[in-house]
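Structure, as structure tokens:
No lab work stands behind these numbers, since they all come straight from the coordinates. The shown structure was predicted, so the numbers you read here are calculated from the model rather than taken from an experiment. Cβ placement follows ideal geometry from the backbone for every residue including glycine, while neighbour counts extend to all protein chains displayed.
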């Protein structure tokens, strides 16, 4: 796709189906979510029109107006007005409108028209509009608004043919025209746009539209202040139970595969040092992380299904009162929920929060949400120290402990935001929380499959890059220097890893941590799941084949319960990975909040691990 190709920009209100249309046009594997604010940066994809013209399609963040009240809306405004440096300048703007909710889209289309570049209106979700009894006279709408108007159904085959034909025609028209200077709409034009939109809407739309009866019936329960919270907690509880119960067959299969690979290396006629590198460093280290892939996929499956159903916005409303009491804006719920998968997109999606102070507070606490990188750590320790049995006859104890760890992270985030709001942002009044509730929609299997595949490949790429490189480093540190002749202690005790871990021992001894844990903590700051691989490599080198294949057994035989619980407490609050800290620096525009986040989380992790260890010892966990 050439950079000289014409650029078509998709602009629309949040939740208008714009991203689904982008996928339909370009074949992109971008995630499609069913709540406002998921698109926080523009995305670019290739498109070949029916006339054979190659164009670049830019998917811009959702916006209600060019006034740009939040950072994500600023991105759209700046691209539309040509204010960005080293960026694509659209040759054609496609204003995407939800045909079943046209009022706000018409105002945006009128604002875009004032900019002075070619604009067309795409009436998306026409099938839903007709099902609700809404009829739109597209020809009359085109005359009234003074723009080409086409209908589209992004999720159906052939549903974009008319749109593609019009894009082709407008670009051909544009090729022979003289360039027009971009201009921002003036304030009076923005104020009058809504009145004009209301007049046009009354002239071209017939039928008031029937509310979705299924959505209304479901919301009577799911938005109830008591029943709704019970349902939300039940969903989260089932999710964490499934992370253990459903993933076991897949984890066993992956573990067996790596055990088989290790056996092949062991039987091969290779030098002992090379065997150790391949088996303990590569296979043992990386394999001990990849084995958790089924659990991560299951977690993302639940999140993607809830997004596509349209439940996330409802959960945000339910949590608004609780979050407001802790000093968080209601819009913070979606970024925080996204952070359960990974804090990076969660922090980026804080751009939907208008107020800078509210946004900074959300960024500070987002890393406390239990991201998927913690799952390998949690699962390893829980599997080694928590018995696999049911509580009350039907609830898995291991899943219950996992649920508890997630709950502690949430409570910690609320507590930190409460302190920040009372000490740093004192006296600032809260703003009302408004969020458009989309209708419930059945998740599309293809969208779910693409989303799961994308996240699985991201995890595997991390395993093949960051985690692999860290495992090689840990193996080198744990294998060299070699012990002197006649040495009676295990070889690893003479290694650099042992020396580094022992040097840190005075600091971590009050937490019950040994030198092996100390070695794992440092690379764990590059990526949390690396800690598991580090422990796998260290115990494989020191403990032989059994420790290499069953790291959980090695830990349960060498750690006390108090140490294991303290290690879990550390990772509930542990400082974020390097990638997340880099995103915090980028999103906040400096180093200050990066270091604030790192050191406050480090302090929380130390205090939590210390208290947990001492309490566990007092209760007989030593």
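Mind giving me the FRET efficiency for residue 446 and residue 221? R0 is 30 Å, r the Cβ-Cβ distance, nearest 0.05 is fine. For R0 = 30 Å, the calculated efficiency reads 0.55.
How would you classify region 461-510 from its alpha-carbon gyration tensor, with a ≥ b ≥ c the square roots of the eigenvalues: rounded for a/c under 1.5, else prolate if a/b is greater than b/c, otherwise oblate? Oblate, because a/c is 1.5 or more while a/b does not exceed b/c. When a/c reaches 1.5 or more, the comparison of a/b and b/c decides; with that in mind, is region 307-456 rounded, prolate or oblate per its Cα gyration tensor? Note, shape of region 307-456 comes out oblate. Here the contact order of the chain, divided by its residue count and restricted to Cα pairs under 8 Å and six or more residues apart, works out to 12 percent. Remark: spin-label model distance residue 579-residue 488 equals 4.8 nm, labels positioned 7 Å along the Cα→Cβ axis. I need the calculated FRET efficiency for the pair residue 592 and residue 453, taking r as the beta carbon distance and R₀ as 41 Å, to the nearest 0.05. E(calc), rounded to 0.05, equals 0.60.
What is the distance in Å between the Cα centroid of region 268-329 and that of region 51-79? Cα centres, region 268-329 to region 51-79: 31 Å.
Once the Cα atoms are used to define both axes, helix 356-365 deviates from the longest principal axis of the chain by about 30 degrees. Ordered by the count of other Cβ atoms within 10 Å of each Cβ, fewest first, 240, 403 give 403, 240. The angle separating the long axis of helix 161-175 from the principal Cα axis of greatest extent in the chain is about 70 degrees. The overall shape of the chain is prolate: from the C-alpha gyration tensor, with semi-axes ordered a ≥ b ≥ c, the ratio a/c is 1.5 or greater and a/b exceeds b/c.
A Förster radius of 56 Å, combined with the Cβ-Cβ distance separating residue 496 from residue 214, puts the computed FRET efficiency at roughly 0.35. Once the Cα-Cα distance is subtracted from the 0.36 nm per residue extended length, the residue 423 to residue 411 segment shows a gain of 2.5 nm. Going by neighbour counts of Cβ atoms within 10 Å, the residues 198, 280 line up, fewest first, as 198, 280.
Rounded to the nearest 10 degrees, the angle from helix 293-309 to the longest Cα principal axis of the chain is 20 degrees. Compared with the direct C-alpha span, the chain from residue 503 to residue 465 gains 10.8 nm at full extension, assuming 0.36 nm per residue.
Between residue 514 and residue 67, what length in nm is gained on full extension when 0.36 nm per residue of separation is reduced by their alpha carbon distance?
155.3 nm
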